[in-house]
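Each value in this text was obtained by applying a stated rule to the coordinates, not by laboratory testing. Here the structure is a predicted model, which means the values were calculated and not measured. In this analysis, Cβ positions are derived from the backbone assuming ideal geometry, glycine residues included, and neighbour counts consider all displayed protein chains.
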Amino acid sequence: MVNVCRTSQDLSGQWKIQHYEVEEKRAMDVAAAALDDRFWIGATVPGDVHGALAERGIIDPIYFGHNDVKSRWIEQKEWWYRTTFNLDAGASSEERIELVFEGLDTFATVYVNGHEVGKTANMLMSHTLDVTRLVRSGWNAIAVRFDPLHLHHREKETFDWSSYTKERPWLRKAAMNFGWDWGPRIVTVGIWGAVRLERSKIAKLQHVYARTNAVSKEQAQVQVTAEVQSVLSLRSKQERTQPVVTTCDIRLLDQQGEVVASAISLPVKQGKADVTLDVAHPCLWWTHDLGEPYLYTLEVTLYADDIAVDRYCQSYGIRTIELALHNEQGERRFAFILNGVKIYAKGANWIPADQLIGTIPNSRYRELVELSVEAHMNMLRVWAGGIYEKEVFYDECDRQGVLVWQDFAFANALFPDFNRDFMQNVQQEVENNVLRLRNRASLAIWCGNNEIDWLYDMKTASGDITSPFYGEQIYHELIPEALERLDPSRPYWPSSPYGADHGQDANDPDTGDRHNWQVWHGSVYPRKQGEVPVLDYSIEGVTFKNYKKDQALFSSEFGMHASANRYTLEKNIPAGQFYWGSPEMAYRNKDTNHQKGILLMEGYTGIPRNIEEYMDFSMLTQAEGLRYGIEHFRRINDRNSGALVWQLNDSWPGTSWSMIDYELLPKASFYYAKTFFHPVLLSLEHEPGHSLNVWVVNDTQDEVGGQLRLNVYGLTGERLYTSAYGVKVPAQSSMQITALEEAEVLGTKRAEEVMVELQAEGFVAPMNRYFLRDPKDVMLPHSRLSVHVNEEEQSVTVNASVAIARMVKLELPVGRVRFSDNYFDLLPGESRTVTLQHPEMQALPLKELRVSAMNASEA
């Protein structure tokens, strides 16, 4: 191949930063190429100001205590970034040089060698600036000025509704920066994405779009469109004696590097080259639970007058994705169809992995997606109040076989869709991100916003909103029109939740997707459109037992708070404040009404009396509550096609709905998810005083057959009852196996004195254990634990004696530790060996291991 002329020079790394008061300095003086910035502060790009100042000890660690409040002065200042770079040679007459910023937060003015190149007003997209005539051979300088946000919204009107702050509707910036009910207000500023200089000669590949039109075992059709842009100046075009002839070579390579389909010397006509590749016997991209997430490599080479001038190279998964809104009988559904196979979406909602988005290392993305896969999740919803995620997130989802539900960045507010400048900004943002992400195998659906359509109706009914539905044009006109042009092969859903029927509101369980906030928030349902919403802050109003009343077609948000792990809290709470009810513990909880969590625990575990009980009770309530809801949703999988927990991860060390805390330490609910999200689930449906209904749920594409054994144990370990049942469950279905009366299995014991165990024999499914009464009513005797540590194998064996040990918990004072199991129950005489590992293979301080249970401590 002839040398490819397009080159990229990385300008990320060490920059300098400094702040001024607004208008303290003349912009052209600070932007001057020769400015002496020796005394400025070093800062890493990608990154942000908060991260740079904390790294150098200029501000205190931002998540410790109330330090986030102490750093709010940062958002009031004007901030400058500067760097220099060397260029081997200046631009030729047939060359274009562009400066690309993958993320600028938010109102930035860019200068090159003292010249103002352009302004930006959107954190949520990349920005490309033509600097061909400004850069020179040798030394060059870049300066970027960031305005404080208040300069850009103080003269703007405010709207009736904008959750958590009134300033953000005019600002195209991550909503969570202003605070949410799970994170603090930290208004970031800086260069949060990578920076590079791109040099193109004659022509370049502007965009490449690949989509799978059809698949079968024998053949797949992959359509590839390459959009080509000339980089020649008008003068260069006039000087040429012959027009440029451009062609493309398009190849699809398998994982061994062999070409499986190609089109060579494809002519570029009117700026486009388009071809359909026929791939024989394709390896399809599947979610990890259904098969291999196979990735080919798509390679497009652009030639101008037989000289290779540009190349696109990207992994590509052959697959089709559809959203089915009806089943074969015409009944309403909300189900994803992958390669012709209806899937059950199991997963969680994703929020930014740190409040300081620019500082997030790639390893954090990789580990969170790995943990999702470990918990049998096959879908993550990128929530609208964050960002369109970084490439590494989609790389990992592509590679590990996890589907992505992608919200557009509009959350819980009215937005000024009547303003031309705002709408032009939004149009650029939408197109920028669609073009960037549309080739991703993992990307399953675009969604217009989070909760806006639903909450607009509720807030209008309650009188909180009297204005028109500002923003409606974005989700119902601008975005779908852009997708029709740029990504017609992927489903679009206007909002989440969305879909109303028979006068119900947008959260109607009979249409579309649904957010269940009866549990935790106490929302009273059913609700008609236009009715004043009602909240029930009572034990009965917030209990997770309300999940069983929910017949949603697709459950895209639901959850409950739980404490972060001990290490995460102790690391970030000042000395003397780590106790239940302390001001610092209360500060970790950003929810609007702390009483909800207390009510939930009061009805289930009882109210905690100290920090130990709070950690245990909240973790157990979340874990058992999510199990209760998800097992219900999965049992009705002839109707319900997905359960996405709110939320997977945390952006700071707080108390929230997350299953994995900020230090990447999973909570009890994560370990429960290994069972309740397993492709084959043994499930006990039971309410006090009623029958024990035993189910098997089979999400696989094969029939499951064997025996299911039910054992009942007394709390001191004696087996009171056992029975076995033949199992033959068709693929992708659920089946009730048997129903037993309480009296039949209890013998002489009371329901408060037993535990039920379900085991698979002859087929693969994790064991599942249940208590027949809530923890506050179970009469747990004191148990004893013995612990053996094997430092060489980095494992721990725990044995219980005397009585059942409830929720055995292993703790180390280290973040990012992977326990093979945790928060489990042990029968007396039963042992379990847990392996421990750090993702960077660091030695773990096993001598500091702490092992306990709710009714036991280490002997």
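General remarks:
- Computed E for ALA34/ASP464 - FRET, C-beta separation, R0 56 angstrom, nearest 0.05: 0.55
- Based on the reciprocal of the average 1/r between different C-alpha atoms, the Kirkwood radius for segment 684-789 equals 15.0 Å.
- Computed on the Cα trace of segment 401-509, the radius of gyration divided by the Kirkwood hydrodynamic radius gives Rg/Rh = 0.99.
- A dipole drawn for the chain from +1 and -1 charges on Cβ atoms has a positive end, and of LEU134, SER538, THR106 the residue lying farthest that way is LEU134.
- Here segment 202-316 is assigned +1 on the Cβ of each Lys and Arg and -1 on the Cβ of each Asp and Glu. Its dipole about the Cα centre then comes out at about 560 debye.
- Here's the picture: charge each Lys and Arg Cβ at +1 and each Asp and Glu Cβ at -1 in segment 202-316, and of HIS288, LEU234, LEU253 the one pushed furthest to the positive end of that dipole is LEU234.
- Cα-based helix-to-principal-axis angle, 595-604 vs the chain, degrees rounded to 10: 30
- Expected 222 nm ellipticity per residue - DSSP helices of 4 or more, -39500 (n - 2.57), all of the chain, to 500: -5000 deg cm²/dmol
- Potential extension, THR7-SER820 segment - 0.36 nm per residue separation minus Cα distance: 288.2 nm
- Dipole size of the chain about its Cα centre, with +1 on Lys/Arg Cβ and -1 on Asp/Glu Cβ: approximately 940 debye, rounded to the nearest 20.
- Förster radius 30 Å - calculated FRET efficiency between VAL764 and GLU431, Cβ distance, rounded to 0.05: 0.05
- In this Cβ point-charge picture (+1 for Lys and Arg, -1 for Asp and Glu), segment 7-198 has a dipole of about 240 debye about its Cα centre.
- Dividing the convex hull volume of the alpha carbon atoms of segment 783-858 by its residue count gives 74 Å³ per residue.
- Cα convex hull volume per residue for the chain (Å³): 180
- Dimensionless Rg ratio for segment 344-677, taking C-alpha atoms and the 2.2 N^0.38 Å reference: 0.98
- Residue separation of SER93 and GLN577 scaled by 0.36 nm, minus their Cα-Cα distance, works out to 167.6 nm of gained length.
- Candidate cross-link partners of LYS201 among the lysines, defined by an alpha-carbon separation under 17 Å and a same-chain spacing of 8 or more, comprise LYS237.
- Reach of LYS776 by Cα under 29 Å, taken over lysines that are not fewer than 8 positions away in the same chain: LYS545, LYS548, LYS549, LYS590, LYS596, LYS667, LYS674, LYS749, LYS809
- Here segment 145-167 is scanned for amide nitrogen atoms under 20 Å from the site 7 Å beyond the Cα of ARG420 along Cα-to-Cβ, giving 156-157.
- Here the calculated FRET efficiency for GLU830 and THR297, from their Cβ-Cβ distance with R0 = 41 Å, stands at 0.25, rounded to the nearest 0.05.
- Our coupling estimate for segment 345-355, obtained by passing each phi through the Karplus curve with A = 6.51, B = -1.76, C = 1.60 and θ = phi - 60°, is 7, 10, x, 7, 8, 9, 10, x, 6, 6, 4 Hz, Gly and Pro reported as x.
- Qualifying lysines (Cα of each under 24 Å from Cα of LYS16; at least 8 residues distant if same chain): LYS25, LYS70, LYS77, LYS119, LYS173, LYS390
- Distance in nm between pseudo-label sites at SER363 and ALA27 (7 Å out along the Cβ direction from Cα): 4.0
- Helix 420-437 axis, angle to the chain major axis (alpha carbon atoms, nearest 10°): 70
- From the alpha carbon centroid of segment 579-607 to that of segment 99-154 is 45 Å.
- ³J(HN,Hα) computed for each position of segment 248-256 - Karplus, 6.51 cos²θ - 1.76 cosθ + 1.60, integer Hz, glycine/proline x: 10, 9, 10, 10, 10, 10, 7, 6, 9
- Only one residue of THR460, LEU437, HIS521 has its Cα farthest out toward the positive end of the dipole of segment 433-573, where Lys and Arg carry +1 and Asp and Glu -1 on Cβ, and that residue is LEU437.
- Per residue, the convex hull spanned by the alpha carbons of segment 202-316 comes to 96 Å³.
- Taken along the Cα-to-beta-carbon direction at a fixed 7 Å, the label points for GLU331 and LYS217 span 3.0 nm.
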